[in-house]
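The values are calculated or read from the model by the stated rules, or taken from the named source; none is laboratory data. Values in this document were obtained by computation on a predicted structure and should not be read as measured data. Cβ atoms come from the backbone with ideal geometry, glycine included; neighbour counts cover every protein chain shown.
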Amino acid sequence: MNGKKQVSKTEKPILNVLQGRKPSRRPVWLMRQAGRYLPEYRVLRAKAEDFLKMCLTPELATEITLQPIRRFGMDAAILFADILLIPFALGVDLEFREGEGPVLRKIEKIQDAAKLSYDDSKLFPVYETLQRVKPELPSETALIGFCGAPWTVACYMIDGNSRGNFAAAKDWVQQRPEDLQTLIDILIDASEAYLSRQIDAGAEVLQIFDSWAGLLSGADFHRFVIQPTHKLVARLKAKYPHVPIIGFPREAGEGYAPYIRETGVDTVGIDPYVDLDYAKRELQVVKPLQGNLNPDLLVKGGDEMFAALESIMKKLGPTHVVNLGHGVVPQTPPEHVAQMVDFVHNFPVT
């Protein structure tokens with residue numbers, strides 16, 4: 001890294017921001033920073049039998065988690081896993097098909113949900129990965145654990161895949177809200193257990209990915225996005241008040257304002273469609289923010305990427321974690337990521 005600002009060995013810039021303190025340098029990490037755009041990841045993926053086995057093999061998951069830290073010097077490592085490991089631990093058949101993505105056995109009636117039983121032992125490899133990663137990280141680098149939000153995970157469980165824009169899940173919202181609530185409650189309990197074990201294994205920050213929050217609005221958004229997240233966060237905060245929690249309700253639109261005020265999360269990740277003036281005026285006055293660089297600009301790189309980064313950092317200031325508005329896409333050139341990290345780390349903290 002060229003000209004990278006140094007930080008104290010006892011300081012973790014991302015924790016400073018998430019806990020309301022000014023960092024000595026701007027923190028940056030990327031959703032999906034460990035993944036298909038990295039040649040070293042593709043080497044391991046070619047050797048692995050399948051994606052699920054990669055997530056549940058600590059030696060592989062540890063190496064993948066560390067790859068972007070070694071290459072780029074990110075301010076946080078995020079556990080290499082998947083949001084659908086909770087359905088897997090609940091007893092739902094799960095496989096990841098090449099070119100198709102995740103495929104689950106559908107929850108078609110509430111009796112199917114009643115048969116679910118969370119088996120934490122299925123996720124022991126995930127906790128071992130965290131235990132392996134933690135001592136390998138630089139002293140200034142934080143370790144992030146995560147889960148999918150109950151609504152987003154329920155979408156996959158009800159539809160079985162993401163190909164139909166979750167038509168069945170949206171039908172449950174309108175026609176079977178009490179059945180959906182039952183499934184959501186099961187997922188809150190499982191998520192609490194899963195995230196608690198991640199903290200015990202070394203996670204210093206948690207992120208709750210609500211990738212499909214934007215499918216809901218109004219009272220439905222409040223019931224199935226805000227309320228479940230609030231319940232989950234409140235339970236975790238009661239046990240681990242020192243651990244910051246980031247919420248990411250992607251494409252929530254007008255729902256961002258009540259989400260940041262009512263869920264109890266410490267920071268909110270914003271997608272690329274959130275206007276920066278709105279974000280500063282309505283959201284950042286409540287809590288720190290994370291995001292919202294468009295992943296396509298990371299693919300393009302160059303002046304357009306730098307200009308967007310400068311605009312974001314100037315507008316949102318130091319109570320902001322630099323990140324994308326969604327995950328890194330596979331066609332992203334690794335050299336653009338390196339340039340982004342250097343640019344952020346050398347940007348003034350004002």
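Descriptive notes on the structure:
- Selected residue [at pLDDT 95 or above, more than 17 Å from Pro27 (Cα to Cα), buried (at least 18 other Cβ atoms within 10 Å of the Cβ) and more than 19 Å from the chain's Cα centre (by Cα)] from Leu316, Leu297, Leu309: Leu297
- Filtered by the rule that a residue be in a helix (DSSP H, G or I) and closer than 26 Å to Ala307 by Cα, segment 258-286 gives Leu276, Asp277, Tyr278, Ala279, Lys280, Arg281, Glu282, Leu283.
- Residue match in segment 162-178 (condition: part of a loop (DSSP other than H, G, I, E, B), closer than 23 Å to His222 by Cα and among the basic types (Lys, Arg)): yes
- Counting only residues that are part of a loop (DSSP other than H, G, I, E, B), touching a Lys or Arg at 6+ places or on another chain (Cβ under 9 Å), surrounded by fewer than 18 Cβ atoms within 10 Å (Cβ to Cβ) and of a type outside the set (D, E, K, R), segment 21-68 holds 1 of them.
- Filtered residue count, segment 69-97, keeping only those that are at pLDDT below 95 and part of a helix (DSSP H, G or I): 0
- Counted residues, segment 331-349 - those being outside any helix (DSSP H, G or I) and either closer than 9 Å to Val299 by Cα or in contact with a helix residue (DSSP H, G or I) (Cβ under 8 Å, 6 or more places away or on another chain) (or both): 4
- The one condition in (1) of a type outside the set (Lys, Arg); (2) out of contact with any strand residue (DSSP E or B) (no Cβ under 9 Å at 6 or more places or on another chain); (3) within 16 Å of Leu216 (Cβ to Cβ) that Pro138 fails to fulfil: (3)
- Of all the numbered requirements in (1) among the acidic types (Asp, Glu); (2) assigned to a helix (DSSP H, G or I); (3) under 24 Å from Arg197 (Cβ atoms), Asp112 misses one, and that requirement is (3).
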